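Q: Below is the structure I would like to discuss, written out as structure tokens.
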Amino acid sequence: MKIPVLSKGLITILLVVLFVFIGYLYIRGAYNNFVRLDEGVAGQWAQVENVYQRRADLIPNLVSVVKGYAAHERETLEAVVEARNQAMQVQLDPENLSPEAIAQFQSAQDGLSSALSRLMVVVEAYPDLKANQNFLDLQTQLEGTENRISNERRKYAELIRDYNTQIRQFPRNLLAGMFGFERKAHFEAEAGAEIVPEIVF
């Protein structure tokens, strides 16, 4: 029995179909990977905002307890409340995590951190306040929240690194540009972050 021989034209068509199919699978896989990483970044950003919100929610109670013992420290207390309000006003869209937007968010949060540090210095002058159970509980919650902020920012940085790496590698960078996937910004270290702060409660 004679095996039929495929014509050159049919072989060419089959090869073209095979290459198109392989190309389709590659593009689909790359696109879906970009989407998965982008959604991971957005989800982690929501978690970063969540822990910053938790910190902001603790501040009114902290200010209230301190006010009971240190009412004449009004300027410091008002500065904390004002810094909290400013930090709460800066909301970011996970789709627009540009360097400018991240810098604005970080600046507002740094202002709040600075105001809280000044408040903790004031607290040192009030031994009764430092022994107050409500204050101690709030202080513990605030410390835990600061640790969570650090952890969530670290996870965010890892996801940003993975996402940015994927969209910049050749040939995926061509596809990322074609589909509108752009680099996302990292948090920048604060000026003086290399110096370990001394925190005294």
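Bear in mind these aren't lab numbers, they're just calculated from the coordinates by the rules spelled out. Note that the structure is a prediction, hence the values are computed from the model and not measured. Reconstructed Cβ throughout: ideal geometry from the backbone, glycine too, with neighbour counts over all protein chains shown.
Q: Run the simple label-point estimate for MET178 and LYS8 please: 7 Å along Cα→C-beta, distance reported in nm.
A: Each label point is offset 7 Å from its Cα along the Cβ direction, giving 3.0 nm.
Q: Explain nothing, just the number: dipole magnitude of the chain about its Cα centre with +1 on each Lys and Arg Cβ and -1 on each Asp and Glu Cβ, in debye rounded to the nearest 20. Can you show the working numbers first?
A: On the way: 20 positive and 25 negative charges, 308 e Å.
Dipole magnitude for the chain comes out near 1480 debye.
Q: On alpha-carbon atoms, Rg over Rh for the range 16-179 using Kirkwood Rh?
A: With Rh from the inverse mean 1/r over Cα pairs, Rg/Rh is 1.20.
Q: In addition: When a footprinting reagent is the concern and you count Cβ atoms within 10 Å, what order do VAL123, VAL17 take, fewest first? Please list the in-between numbers first.
A: On the way: VAL123 23, VAL17 10.
In order of increasing Cβ crowding within 10 Å: VAL17, VAL123.
Q: Does the range 95-193 come out rounded, prolate or oblate by the C-alpha gyration tensor, with a ≥ b ≥ c the root eigenvalues, rounded set by a/c under 1.5 and, if not, prolate when a/b is larger than b/c and oblate if not?
A: Prolate shape, in that a/c is at least 1.5 and a/b is the bigger ratio.
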